[in-house]
Structure formats: structure tokens, C-alpha cells
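Before any comments, here is the structure.
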Amino acid sequence: MKKFDLLSEIDKTTTYIDNVMNNEKKGGLKDLIADLDRLKLKVVDDDLLNNPLRGFPRKYAEMYNDYLHPITGVLNNIEKSVDSYLGTN
């Protein structure tokens with residue numbers, strides 16, 4: 001995966017999480033957005049050495065005890081995108 005593609009995925013995921021946070025009143029999701037912001041900075045600076053999003057879907061599920069929410073699939077996808085980026089760079 002190319003840097004531009006990963007940055008695009010990060011932005012899409014951030015927007016999705018922000019929408020869920022606002023529509024469902026889940027303020028704890030700010031932590032996930034902060035994780036994505038830190039990830040984005042590392043990608044831009046070419047400083048990403050490992051996947052800081054490991055277990056990202058589980059983090060949400062443990063926060064809200066909700067393993068079936070569609071957000072877990074989105075979080076799983078961004079985790080895999082980071083793995084793909086690391087595998088090609």
C-alpha cells in the first residue's frame with residue numbers, strides 16, 4: 001500500500017469514527033481518533049516502524065462492550081491497511 005492510500009484510509013476512518021461519536025454520543029471514541037492522528041503523523045514523517053493499531057477493534061469492543069457494532073469492521077480494516085503499508089515499505 002502506498003503512503004497516499006494509507007493517509008486516505010486514515011482520514012476516512014477518522015471521519016467514520018467522528019460520525020459515530022457524534023451520532024451515538026460516544027465521547028470515548030476521542031481516544032481512537034487521537035490514536036489515528038498519531039499514526040498519521042508517523043506516516044507523514046516516515047517514522048512508522050510497527051503497527052500501533054494492533055487490537056484496535058478490541059479496544060472499541062472493550063470500551064462499550066459491543067462486539068457487533070459495524071465500527072469494529074472499520075477498525076479492523078484500518079489495522080489491516082497499516083499492516084499492508086508496513087509490508088510494502
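When both residues are 6+ apart or on different chains and their Cβ atoms are under 9 Å apart, which pairs have a first residue that lies in the stretch 68-89 and is more than 22 Å from N22 (Cβ to Cβ), and a second that is among the hydroxyl-bearing types (S, T, Y)?
Close Cβ pairs satisfying both conditions: S81/T13.
Within the stretch 22-33, track down each residue that is closer than 15 Å to P57 by Cα and of a type outside the set (D, E, K, R).
Across the stretch 22-33, the qualifying residues are G28, L29, L32, I33.
Given the structure, is L48 part of a loop (DSSP other than H, G, I, E, B), on the phi < 0 side of the Ramachandran plot and among the aliphatic types (A, V, I, L, M)?
yes
In this structure, is Y67 part of a helix (DSSP H, G or I) and more than 13 Å from the chain's Cα centre (by Cα)?
no
Determine the pairs where a residue that is at negative phi, located within the stretch 1-12, has a partner that is among the charged types (D, E, K, R) with Cβ atoms under 6 Å apart, the partner being 6 or more residues away or on another chain.
Note: pairs meeting the criteria are I10/K40.
Could you please find all residues in the stretch 1-57 being exposed (fewer than 14 other Cβ atoms within 10 Å of the Cβ), under 13 Å from I71 (Cβ atoms) and of a type in the set (S, T, Y)?
Hit for the stretch 1-57 is T15, nothing else.
Look at the stretch 70-80 and say how many of its residues are more than 9 Å from the chain's Cα centre (by Cα) and surrounded by 13 or more Cβ atoms within 10 Å (Cβ to Cβ).
So the count comes out to 3.
List every residue pair whose Cβ atoms sit under 6 Å apart, with the two residues 6 or more apart in sequence or on different chains, where the first one lies in the stretch 22-40 and is without any contact (Cβ under 8 Å) to a residue 60 or more places away in the chain and the second, anywhere, is surrounded by fewer than 18 Cβ atoms within 10 Å (Cβ to Cβ) and of a type in the set (A, V, I, L, M, F, W, C).
Pairs found: G28/M63; L29/M21.
Since every read-out is calculated from the coordinates, none of them should be taken as a lab result. All of these numbers come straight from a predicted model, not from anything done at the bench. So basically every Cβ, Gly included, is an ideal-geometry build from the backbone, and we count neighbours across all protein chains shown.
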